[in-house]
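**Q** This is the structure I have questions about; it appears just below.
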Amino acid sequence: MTDRDAEFASRLTRHLDRGAAALRPGAAYRLQQARALALAAAAVEPAHAPAHELALAGGGGRERHSGRKGVLRWLTVALLLTGTAFGWQQWHAVQQVREFAEIDAQLLASDLPIDAYLDRGFQNWLKTSLEH
């Protein structure tokens with residue numbers, strides 16, 4: 001602790017002591033009880049905390065760690081969405097290929113002459129029949 005920190009702590013302590021002296025006895029008792037409960041809860045909590053949380057307990061490590069968790073969560077969501085979109089696109093492409101293959105098989109199996117396939121009106125009729 002530097003001299004500046006020590007001086008600040010000393011001034012803060014004097015200010016808090018003056019404020020505590022002005023409290024009514026009932027309020028001071030309730031504050032004392034609340035402090036005791038908070039200290040008891042704080043004493044129990046580290047015993048159950050995992051080792052990595054104990055290591056991050058001082059110096060603001062939790063903020064950096066939770067920031068990494070947030071980035072990791074968003075990255076996971078983005079990867080899932082990208083994978084889902086890619087999978088849907090692939091499925092859709094396979095469905096189109098199957099549809100075109102079925103149409104080709106029907107056309108080749110029909111008894112139409114070759115000239116009918118080359119006719120421009122027949123190609124337009126095929127396009128409109130596929131839309132229905």
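**Q** Using the Cα atoms of segment 80-132 to build a convex hull, what is its mean projected area in square nanometres?
**A** On the way: hull surface 18.5 nm².
Dividing the Cα hull surface by four gives the mean projection, 4.6 nm².
**Q** Further, regarding this structure: Once the other residues with Cβ under 13 Å from the Cβ of Gln106 are scored (Lys, Arg +1; Asp, Glu -1), what is the net sum? Intermediate values should be presented prior to the final figure.
**A** Details: positive: Arg98; negative: Glu99, Glu102, Asp104, Asp111.
Its environment carries a net charge of -3.
**Q** Can I ask one more? Hey, what's the per residue convex hull volume over the C-alpha atoms of segment 1-48, in cubic angstrom? List each step's numbers first, then the result.
**A** Values: hull volume 3.2 nm³, N = 48.
Value for segment 1-48: 66 Å³ per residue.
Values in this text are rule-based calculations from the coordinates and carry no lab data. Note that the structure is a prediction, hence the values are computed from the model and not measured. Please note: Cβ atoms are built from the backbone with ideal geometry, for glycine as well, and neighbour counts cover all protein chains shown.
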